[in-house]
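Here's a structure for you.
The values are calculated or read from the model by the stated rules, or taken from the named source; none is laboratory data. Worth saying up front: this structure is predicted, and the values here are computed from it rather than measured. Neighbour counts are summed over all protein chains in view; Cβ atoms, including those assigned to glycine, are modelled from backbone coordinates with ideal geometry. Surface areas here come from the heavy atoms of the whole protein model, side chains and all, with no ligands, DNA or RNA. Shrake-Rupley method; radii C 1.70, N 1.55, O 1.52, S 1.80 Å.
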Amino acid sequence: MTTLLQQFAVASVAAVLAMPVHASPCVAHSAATLTPLVELYTSEGCSSCPPADRWLSQTFGGSASAANALAFHVDYWDDTGWKDRFSSHTFTDRQQQVANANHASFVYTPQVVVQGRSATEWRDLAPRLIALEAKPAAVTITLAVSAEGDAQSVEAIADVTDKSRVDGAKLYVATTSSGLSTQVRAGENRGETLHHDHVVRTLTQGATFDAGGHAKLTTRWTRPAEGEIHTIVAFVQDPARGDVLQSLALPLARCQR
């Protein structure tokens, strides 16, 4: 027969074992030199977009890529026969912001943007990216990701290394998925199966820097069931001028224990 004290001890141990275990955060730090940011504005409703989608996947498919890539699916093609399930008006607004920074009078797809600047010769980007990568970064970024049940808690912190270049700059966090496919049943790509990588699922808008040159942004993201690779991308950009000062990617696969 167990005593009351023994029963209490067993219950206490069981309660401790039942408590949720919070793993230490998975952390990544940006390099001392610039890691360029490449953005693709695309749509499943656009017949000229699949070649650009394939180019993005092939060019930035490995861990040794010279840049971090984001594919923003815009929504202005959605009423032309096929609604892109990855599209968002937020991404259309961002493309318009890019157009304003580039003094362009209209937006279009596919559009490739490197470091906030429209790149018409996007198939030959490698030399330009190598040159950009050699430059010292004006800010440092740290990403920390922690599991919270089915969700991911994301914290991005940026600190200034060159205060002369960060006036107006903001810190952003995007969540992306790769290894996605869609069978298109209408519109310009009817009958095609489209494959997508680096698709932006959410974009947390920019946090500004304080007087000490510090910015912090936190968000939570529930990882979609679809997709082979899910990645958090943080970047610092001056939205008015378009300049991207640094970017950092953290694939969630690195955080698995």
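How do the pairs read when you match residues in the range 186-199 that are under 15 Å from Glu228 (Cα atoms) with residues anywhere that are among the basic types (Lys, Arg) and exposed (fewer than 15 other Cβ atoms within 10 Å of the Cβ), using Cβ under 8 Å and keeping only pairs 6 or more apart or on different chains?
If the second residue must be among the basic types (Lys, Arg) and exposed (fewer than 15 other Cβ atoms within 10 Å of the Cβ), the pairs left are His195/Arg54.
What about Arg85, is it basic (Lys, Arg) and outside any loop (DSSP other than H, G, I, E, B)?
no
Looking at the range 146-168, which of the residues that are outside any strand (DSSP E or B) and of a type outside the set (S, T, N, Q) is surrounded by the fewest Cβ atoms within 10 Å (Cβ to Cβ)?
It comes out as Asp150.
Filter the range 63-89 down to the residues that are open to solvent by less than 20 Å² (accessible area, probe 1.4 Å) and under 28 Å from Ala28 (Cα atoms) and list them by number.
Ala67, Ala69, Leu70, Ala71, Phe72, His73, Phe86 - these are the residues of the range 63-89 that are open to solvent by less than 20 Å² (accessible area, probe 1.4 Å) and under 28 Å from Ala28 (Cα atoms).
Let me confirm something: among Arg201, Arg254, which residue is at pLDDT below 95, open to solvent by 30 Å² or more (accessible area, probe 1.4 Å) and either on the phi > 0 side of the Ramachandran plot or not hydroxyl-bearing (Ser, Thr, Tyr) (or both)?
That would be Arg254, the only listed residue that is at pLDDT below 95, open to solvent by 30 Å² or more (accessible area, probe 1.4 Å) and either on the phi > 0 side of the Ramachandran plot or not hydroxyl-bearing (Ser, Thr, Tyr) (or both).
Against the definition (touching a helix residue (DSSP H, G or I) at 6+ places or on another chain (Cβ under 6 Å) and not in a loop (DSSP other than H, G, I, E, B)), how does Val107 come out, yes or no?
no
Does Gly61 satisfy the criteria of being modelled with pLDDT under 95 and not polar (S, T, N, Q)?
Yes: the conditions hold for Gly61.
Those residues that are open to solvent by 70 Å² or more (accessible area, probe 1.4 Å) and out of contact with any Phe, Trp or Tyr (no Cβ under 9 Å at 6 or more places or on another chain), I need them from the range 97-132; list them, please.
If the condition is that a residue be open to solvent by 70 Å² or more (accessible area, probe 1.4 Å) and out of contact with any Phe, Trp or Tyr (no Cβ under 9 Å at 6 or more places or on another chain), then Gln97, Asn100, His103, Ser105, Phe106, Arg117, Thr120, Glu121, Asp124, Pro127, Arg128, Ile130 are the ones that fit.
Of the numbered conditions (1) open to solvent by 60 Å² or more (accessible area, probe 1.4 Å); (2) touching a Pro at 6+ places or on another chain (Cβ under 7 Å); (3) at pLDDT 95 or above, Arg185 fails exactly one; give the number of that condition.
Only one criterion in (1) open to solvent by 60 Å² or more (accessible area, probe 1.4 Å); (2) touching a Pro at 6+ places or on another chain (Cβ under 7 Å); (3) at pLDDT 95 or above is unmet by Arg185, namely (2).
Could you grab the pairs with beta carbons closer than 6 Å, sequence gap of 6+ or different chains, first residue in the range 32-61 and in a helix (DSSP H, G or I), second one open to solvent by 30 Å² or more (accessible area, probe 1.4 Å) and modelled with pLDDT of 95 or more?
Within 6 Å, the pairs are Ser57/Asp197.
Restricting the range 220-240 to residues that are within 24 Å of Gln96 (Cα to Cα) and not in a strand (DSSP E or B), which is farthest from the chain's Cα centre (by Cα)?
Ala240
Quick check on this structure: which one of Leu203, Leu217, Leu194, Leu171 is assigned to a strand (DSSP E or B), over 15 Å from the mean Cα position of the chain (by Cα) and of a type in the set (A, V, I, L, M, F, W, C)?
On inspection, the qualifying residue turns out to be Leu194.
Return the total of residues in the range 206-219 being over 22 Å from Ala31 (Cα atoms) and surrounded by 14 or more Cβ atoms within 10 Å (Cβ to Cβ).
1
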